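> I have a structure here, written as structure tokens, and I will follow up with some questions on it.
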Amino acid sequence: MGPGGILTAPIISQVEDAIQEAIRRALPGVLRTTGTIPGAWDVEVAQRVLQMAPSVWVSQEGFTGTGQPRVLDWRFGVYAVASMGYEEDRRRGTPVEIGTYAMTERIISFLDSLIVPGVGTLQLQTGRPQFIEPMIELGGTVEGLLFGIRLQFPRPDTAAQGVELSDFRQFHGDWDFAPMTSGRWDEWLAQDHSGLEPDAQDDVAGP
């Protein structure tokens, strides 16, 4: 829990949020959107991101151990996406729409050595065009960058404090169903069924 009992976001979510906020600062007014996607691209993901191009997407790409307890080197992918008609325009841009080259330059300037408060510092590792088969077939161009950050996770006796949830609300419902043979539903509804066992019951817990 954070100060004042406020629920603290998971460390990985904090990094994703910081990356997205830096992207919005780096490319104000030129993107249709920025968001997160799963690490594995398929046709459905490619179609979704192309519909909102030009855009930049973030995915967490897994981690490697460091030999230290609860300390991991985590990787995050950042993908610049363009979908103009000509492939060269998608890379170089046009007078009316940004291309992946310009997006990539701005992303590097704002994200390399980005400090995520209380978490760590983001470092650029590699970058290359992403020859993602579904994207090529759909007419899109993607430039991918891989960033790393060393994350230290909380001790077991404090980890649960960050995922504490408020009490769940309970819903209980009793249901009576009119006999299928009845042709006069209004007469059945007018009868008193309070002394009978309900035909069905529901108990649901929710936040």
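The values are calculated or read from the model by the stated rules, or taken from the named source; none is laboratory data. Quick caveat: nothing in here was measured; it's all calculated off a predicted structure. Ideal geometry is used to build each Cβ from the backbone, glycine not excepted, and the neighbour counts take in all protein chains shown.
> Report whether or not VAL96 is at pLDDT below 90, hydrophobic (A, V, I, L, M, F, W, C) and more than 19 Å from SER13 (Cα to Cα). If you could, list the steps in order and put the result at the bottom.
On the way: at pLDDT below 90: no; hydrophobic (A, V, I, L, M, F, W, C): yes; more than 19 Å from SER13 (Cα to Cα): yes.
In short, no.
> Would you check which residues across segment 38-57 are of a type in the set (Phe, Trp, Tyr) and either modelled with pLDDT of 85 or more or touching a Lys or Arg at 6+ places or on another chain (Cβ under 8 Å) (or both) and list them?
TRP57
> Does segment 113-131 hold any residues that are surrounded by fewer than 19 Cβ atoms within 10 Å (Cβ to Cβ) and not in a strand (DSSP E or B), and which are they?
If the condition is that a residue be surrounded by fewer than 19 Cβ atoms within 10 Å (Cβ to Cβ) and not in a strand (DSSP E or B), then SER113, LEU114, PRO117, GLY118, VAL119, PHE131 are the ones that fit.
> When you look at ILE115, is it modelled with pLDDT of 95 or more, closer than 17 Å to VAL30 by Cα and under 22 Å from the mean Cα position of the chain (by Cα), yes or no?
no
> For segment 50-76, which positions are within 16 Å of PRO129 (Cα to Cα) and surrounded by fewer than 17 Cβ atoms within 10 Å (Cβ to Cβ)?
Hits for segment 50-76: nothing passes.
> Still on this structure, please answer the following. Name every residue in segment 98-112 that is aliphatic (A, V, I, L, M) and either part of a loop (DSSP other than H, G, I, E, B) or within 20 Å of the chain's Cα centre (by Cα) (or both), in order of residue number.
Quick first cut of segment 98-112, residues aliphatic (A, V, I, L, M) only: 98, 102-103, 107-108, 111.
Passing the criteria: ILE98, ILE107, LEU111.
> Before we move on, is GLN152 modelled with pLDDT of 85 or more, over 23 Å from ILE37 (Cα atoms) and surrounded by fewer than 19 Cβ atoms within 10 Å (Cβ to Cβ)? Even if it seems obvious, please write down each step before you answer.
On the way: modelled with pLDDT of 85 or more: yes; over 23 Å from ILE37 (Cα atoms): yes; surrounded by fewer than 19 Cβ atoms within 10 Å (Cβ to Cβ): yes.
When the stated conditions are applied, GLN152 passes them.
> Please determine, by comparing only the residues of segment 70-117 that are touching a strand residue (DSSP E or B) at 6+ places or on another chain (Cβ under 7 Å) and of a type in the set (Phe, Trp, Tyr), which one is farthest from GLY35 (Cα to Cα).
TRP74
> Only one of these is more than 15 Å from VAL30 (Cβ to Cβ) and crowded, with 19+ Cβ neighbours inside 10 Å: TYR86, TYR79. Name it.
After applying the criteria, what remains is TYR79.
> A follow-up question, please. Have a look at TRP57, TRP41 and point out the one that is touching a residue at least 40 places away in the same chain (Cβ under 8 Å) and of a type in the set (Phe, Trp, Tyr). Spell out the reasoning first.
On the way: TRP57 fails: touching a residue at least 40 places away in the same chain (Cβ under 8 Å).
Going through TRP57, TRP41 in turn, just one is touching a residue at least 40 places away in the same chain (Cβ under 8 Å) and of a type in the set (Phe, Trp, Tyr): TRP41.
> Among the numbered conditions (1) touching a Lys or Arg at 6+ places or on another chain (Cβ under 7 Å); (2) crowded, with 18+ Cβ neighbours inside 10 Å, tell me where MET135 comes up short.
All conditions pass for MET135, except number (1).
> Then there is this: Have a look at LEU111, LEU50, LEU72 and point out the one that is in contact (Cβ under 8 Å) with a residue 12 or more places away in the chain, in the same structural domain as LEU138 (by TED's automatic domain parsing) and touching a Ser or Thr at 6+ places or on another chain (Cβ under 6 Å).
Result of the check over LEU111, LEU50, LEU72: LEU50.
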